[in-house]
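For reference, the structure is listed below as C-alpha cells.
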Amino acid sequence: VITADNGEEGKQQALSHIPDIIVSDIMMPVMDGMELCRKIKQNFRTSHLPVVLLTAKVETGDYVEGLENGADLYVAKPFSSDIIKAQIHSLLSNRERMKGSFKTEPMLPSASVASSRIDKEFLEKVTGIIESRMIDSDFSVDVLAQEIGISRTGLFTKLKAVSGMTPNDFIRIIRLKKAAVLLSQ
C-alpha cells in the first residue's frame with residue numbers, strides 16, 4: 001500500500017510504482033480525485049489501472065461525472081469496509097477473468113480486455129501489426145516494439161498489464177485466433 005497526501009503526489013506515486021489499483025478520495029488538495037482519475041486514464045503508462053473514487057457527493061450528476069472521468073467504481077461515503085473490499089476484489093477478479101477469456105475464446109477481439117480508450121487503441125494497433133505480418137518469419141517482439149514506437153521493455157510492461165500476456169504469448173494467441181477464424185471460414 002502506497003499513500004499520498006494529495007492528488008498530484010498520488011499521480012507521481014502511480015507513475016513511479018504502477019500499482020494494481022488506485023483508491024482515491026475526490027476531495028483532496030492540489031489536485032482533486034476527478035482530475036487524478038482523468039490524468040491516470042489519459043496516461044499511456046497508467047491507463048489500464050482501475051480507479052476507485054470515494055466521495056460524500058451522492059447526486060446522480062456526481063456519479064455520472066466520476067464514471068465519465070474513467071472511474072471504475074464510485075463509492076459514496078459512509079461505506080462499509082467489507083463492502084468496498086468485496087467490490088475491489090470483484091473488480092480485479094472480473095478483469096482477470098476477461099484476460100483469461102481472451103486467451104481461450106478464439107473469436108473474442110483483443111480490444112475486449114481493454115479498460116480504457118488508450119488501451120483499446122493500443123491493443124488494436126498491436127493486433128493490426130501482428131495480423132499484417134502473419135507470414136513474416138522474421139517478425140519478433142523487437143520488430144513489434146519498433147513498429148509501435150516503444151521500447152521492448154515498455155511493450156512487455158504495457159502488454160502484460162493490459163492483457164496479462166507477454167508479447168511472445170500475445171503474438172502466438174493472435175496468430176492462433178486468426179488461424180481459428182480462417183478455419184471457421
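The values are calculated or read from the model by the stated rules, or taken from the named source; none is laboratory data. No experiment lies behind these values; they were computed from the predicted model shown. Cβ placement follows ideal geometry from the backbone for every residue including glycine, while neighbour counts extend to all protein chains displayed. Calculation scope for accessible area: heavy atoms of the full protein, side chains included, ligands and nucleic acids excluded. Shrake-Rupley method; radii C 1.70, N 1.55, O 1.52, S 1.80 Å.
Inspection of segment 145-168 identifies at least one residue that is open to solvent by 20 Å² or more (accessible area, probe 1.4 Å), hydroxyl-bearing (Ser, Thr, Tyr), at pLDDT 85 or above and not in a helix (DSSP H, G or I).
At pLDDT 90 or above, under 13 Å from residue 162 (Cβ atoms), not basic (Lys, Arg) and not in a loop (DSSP other than H, G, I, E, B): does that describe residue 124? Don't jump to the end; show me each part of the working.
Numbers: at pLDDT 90 or above: yes; under 13 Å from residue 162 (Cβ atoms): yes; not basic (Lys, Arg): yes; not in a loop (DSSP other than H, G, I, E, B): yes.
When the stated conditions are applied, residue 124 passes them.
Residues of segment 158-185 that are polar (S, T, N, Q) and touching a Phe, Trp or Tyr at 6+ places or on another chain (Cβ under 7 Å): 163, 166.
Do we have residue 93 as in contact with a Lys or Arg (Cβ under 6 Å, 6 or more places away or on another chain) and among the polar types (S, T, N, Q) here?
Numbers: in contact with a Lys or Arg (Cβ under 6 Å, 6 or more places away or on another chain): no; among the polar types (S, T, N, Q): yes.
No.
May I ask you to verify whether residue 90 is under 19 Å from residue 161 (Cβ atoms) and either modelled with pLDDT of 90 or more or polar (S, T, N, Q) (or both)? Let's see the steps before the verdict.
Working: under 19 Å from residue 161 (Cβ atoms): no; either modelled with pLDDT of 90 or more or polar (S, T, N, Q) (or both): yes.
So residue 90 fails the test.
Might you check whether a residue that is among the aliphatic types (A, V, I, L, M), closer than 23 Å to residue 68 by Cα and touching a residue at least 12 places away in the same chain (Cβ under 8 Å) occurs anywhere in segment 138-147? Lay out the reasoning, then the answer.
First, pick out the residues of segment 138-147 that are among the aliphatic types (A, V, I, L, M): 141, 143-145.
Keeping just the survivors that are closer than 23 Å to residue 68 by Cα gives none.
No, because not a single residue in segment 138-147 is among the aliphatic types (A, V, I, L, M), closer than 23 Å to residue 68 by Cα and touching a residue at least 12 places away in the same chain (Cβ under 8 Å).
Among the criteria (1) at pLDDT 90 or above; (2) open to solvent by less than 90 Å² (accessible area, probe 1.4 Å); (3) part of a helix (DSSP H, G or I), the one residue 139 does not fulfil is (3). Does segment 157-174 contain any residue that is free of Cβ contacts under 8 Å to residues at least 24 places away in the same chain and among the aliphatic types (A, V, I, L, M)? No, segment 157-174 contains no residue that is free of Cβ contacts under 8 Å to residues at least 24 places away in the same chain and among the aliphatic types (A, V, I, L, M).
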